[in-house]
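Only one structure is covered here, and it is reproduced in the block below.
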Amino acid sequence: MGIEFQGNLIGSGKIFGIIVSRFNNFITKRLLEGAIDELIRHSVKKEDVDVFWVPGSYEIPAAALKIAQSGKYHALICLGAVIRGETPHFDFVANESAKGITHVGLSTGVPTIYGVITTETLEQAIDRAGAKTGNKGAEAALSAIEMVNLFDQIQVGVKTVKKQ
Ligand code: INI
């Protein structure tokens, strides 16, 4: 077997940008609290976390792209809440937001974490924002730290491919 790579969960010295949707902010405020708390519990400094508010989940990708392109952040965390019960265009907002966030990560090489909850009901959203089933914002923050450290490993650990 070759080398096994994995990112640790130590966030010291890393700089994070959080893009958060104002729509459903009753939920997204909790996701944001969960994300910041998790970053700090993993040794990220408060001043190394910047927060960008956008109107809705649909706007997250455009803002995330600009922020990723600034080159100032090791990783981005995207937080939003799309609730089917409250919107007839649920699928459109949810799909475009997910596709766009993926595109930002792939096109810029900056780990860009998907922390948008998509639920049928407000109750399910509350559950995923810190009530019954954990806090999706905190999970996203942990994924961000892990991906940053994994990417660091990939850079130092590149193997030399021998020519035949
Ligand atoms: N944005 C959300 O983040 N969640 C939603 O549930 C939602 N609903 O219900 O429509 C929502 N809509 C707004 C959308 O993200 C854009 O801000 C808006 O369409 C303007 O472009």
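The values are calculated or read from the model by the stated rules, or taken from the named source; none is laboratory data. Given the structure is predicted, the values throughout are model-derived calculations rather than measurements. Cβ: placed from backbone, ideal geometry, glycine included. Neighbour counts: every protein chain shown. Each accessible area value is taken on the protein alone, full model and side chains, heavy atoms only, with ligands, DNA and RNA left out. Shrake-Rupley method; radii C 1.70, N 1.55, O 1.52, S 1.80 Å.
Using a Gaussian network model on the chain with a 10 Å cutoff between Cα atoms, which of 122, 79, 39 fluctuates the most? Answer for the Gaussian network model of the chain: 122. The Rg/Rh ratio for the stretch 35-164, using Cα coordinates for both the radius of gyration and the Kirkwood hydrodynamic radius, is 1.04. Split the chain at each of the trypsin sites (Lys or Arg not before Pro) in a DSSP loop with at most 16 other beta carbon atoms within 10 Å, and the longest piece is 73-131. Scaled to the globular estimate 2.2 N^0.38 Å, the Cα spread of the stretch 3-108, given as radius of gyration, is 1.12.
Projecting the Cα atoms of 154, 75, 39 onto the dipole axis of the chain, where Lys and Arg carry +1 and Asp and Glu carry -1 at the beta carbon, places 154 farthest toward the positive end. Take the chain with all the other protein chains still there, run a 1.4 Å probe, and you get 57 Å² of accessible area per residue.
May I ask what percent, to the nearest 5, of DSSP beta bridges between residues of the chain are antiparallel? Numbers along the way, then the final one.
Values: 1 of 20 bridges.
Roughly 5 percent of the beta bridges in the chain run antiparallel, per DSSP.
Taking other residues whose beta carbon is less than 14 angstrom from the beta carbon of residue 42, and scoring Lys, Arg as +1 and Asp, Glu as -1, yields -1. Only Lys, Arg, Asp and Glu carry charge here, each on its Cβ (+1 for the first two, -1 for the last two); on that basis the chain has a dipole of about 500 debye about its Cα centre. Would you mind telling me the share, in percent, of accessible area of the stretch 1-84 contributed by carbon and sulfur at probe 1.4 angstrom? Looking at the stretch 1-84 in its full context, I get 52 percent from C and S. Size of the stretch 115-158: Rg and Dmax of its alpha carbons, in Å, are 14.8, 46. Taking θ as phi - 60° and the Karplus parameters 6.51, -1.76 and 1.60, the scalar couplings of the stretch 52-69 work out to 10, 8, 10, x, x, 4, 4, 8, 4, x, 5, 5, 4, 4, 4, 5, 4, 5 Hz in sequence order, x denoting glycine and proline.
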